[in-house]
Amino acid sequence: MVRDGIPFVVTPLALAFVAFALGYWYVGAALLVVAAFMAFFFRDPHRPAPADESLVLAPADGRVTRVAALDANDPGSPTIVSIFLSVFDVHVNRAPIAGEITDVTYTRGRFVIATREDASLVNEQNSLTIEGARMTVVCKQIAGVLARRIVCWKRVGDSLSLGERFGMIKFSSRTDLVLPPEVAVEARVGERVRGGLSVVGRLKS
């Protein structure tokens, strides 16, 4: 379990014991269910990433909702891949490539539905630029309707290995990847991906 989830599990668990001690069995049972869901939500499975510099991995679990050029009129435009995370998905974010973080920009914003295209423009978000040996990508953590807390454990100058954990978004949210034109995108709209495991793109040969 992610350490950020400990208070969300311990608090309802402690309240459940108090409720049971006072004889409020239904309240205690409900609080146990809440604690169990929180433990499930903040799970952090081990996932060994492949050792291949040419790959771009999914930065999060979820469903691909958008694959599109940032500029439809420019054949050399970067491509954006959006992944929507429901409350049932693992919310830990993982590095899509190995490299150094050259920029971290947090932007305050709104909390519209994360599947909306303009969510990447108007919602609260945290953007990381990761410069690898062969490519540079931008990964955005975007808050959703329920999300109110974006967590990033890394800073500018930190190095990331492929698939390494760098943060999470608490409750429903979205993660965007901006890929350079030299990457052939393999992700498709509607596809379900797993952070640190699923290949969303690879360098063109």
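The values are calculated or read from the model by the stated rules, or taken from the named source; none is laboratory data. What you are looking at is a predicted structure, and each value in this text was computed from that prediction instead of being measured. Virtual Cβ from ideal backbone geometry, glycine too; neighbours counted across all protein chains shown.
For the stretch 57-82, a residue qualifies if it is surrounded by fewer than 24 Cβ atoms within 10 Å (Cβ to Cβ) and in a strand (DSSP E or B), and the qualifying residues are Arg63, Val64, Thr65, Arg66, Val67, Ala68, Ala69, Thr79, Ile80. Picking from residues in the stretch 174-205 that are under 12 Å from Ala58 (Cβ atoms) and among the polar types (S, T, N, Q), the one that is farthest from the chain's Cα centre (by Cα) is Ser198.
Filter the stretch 135-151 down to residues that are at pLDDT below 90 and either more than 24 Å from Val189 (Cβ to Cβ) or more than 17 Å from the chain's Cα centre (by Cα) (or both), then give me how many there are.
As a first pass, look at the stretch 135-151 and keep what is at pLDDT below 90: 142-151.
From what is left, the residues that are either more than 24 Å from Val189 (Cβ to Cβ) or more than 17 Å from the chain's Cα centre (by Cα) (or both) are 148-151.
Adding up the residues that qualify gives 4.
Return the pairs, sorted by first residue and then second, in which the second residue is surrounded by 15 or more Cβ atoms within 10 Å (Cβ to Cβ) and modelled with pLDDT under 90, the first residue lies in the stretch 11-37 and is at negative phi and of a type in the set (S, T, N, Q), the beta carbons are less than 8 Å apart, and the residues are 6+ apart or on different chains. No pair meets every condition.
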